[in-house]
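The values are calculated or read from the model by the stated rules, or taken from the named source; none is laboratory data. Owing to the predicted nature of the structure, the values given are computational and were not obtained by experimental measurement. The protein model used for the area step is the full one, side chains on, heavy atoms only, and it has no ligands, DNA or RNA in it. Shrake-Rupley method; radii C 1.70, N 1.55, O 1.52, S 1.80 Å.
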Amino acid sequence: MGKPRQLRLGIIGCGAIGALHATAIRKSSHATLVAVCDTDLARATAAAAGSEAQAFTSFEKMLAGAPLDGVTVATPDLLHVKPVLAALRRGRHVFCEKPLAGTTAEAARLVRAARASGVQLGVDYMRRFA
């Protein structure tokens, strides 16, 4: 039995939290960072440093052009829904920073989209036990 293929991951939102995600993915033996996206190209390029990841300024272009199994979404809170929905509709697994959405209706829409696409949708809520 051969070595399992690494997950090909991308990051949408390369601010402080997105940069932490990039570092974690680069250190993982189970995943490889293939794409990063931020509206600020310099920030995306910095997040890609130390990997062969391609930097994008449009999450739509990243989702269409990069060979991704999944993405992490680390945009500002109010900007989660559009990239999460776009990734789910393209059949990509999504790990989103909290909160998933601004309203329960938006969150329910994302859950329905994940179910319809057959992919996993997770929310990072690491401080719940703090």
Residue-averaged [θ]222 nm for the chain, counting only DSSP H segments that reach four residues, each worth -39500 (n - 2.57): -11500 deg cm²/dmol
13 Å tail of the calculated P(r), the stretch 29-74, as % of Cα pairs: 50 percent
Two-decimal ratio, the chain, of alpha-carbon radius of gyration to 2.2 N^0.38 Å: 1.00
At q = 0.14, 0.15, 0.17, 0.18 Å⁻¹, base-10 log of I(q)/I(0) for the stretch 57-109 (Debye sum, equal scatterers on each alpha carbon): -0.32, -0.37, -0.48, -0.53
Surface accessible to a 1.4 Å probe, M62 within the full protein complex, Å²: 0 Å²
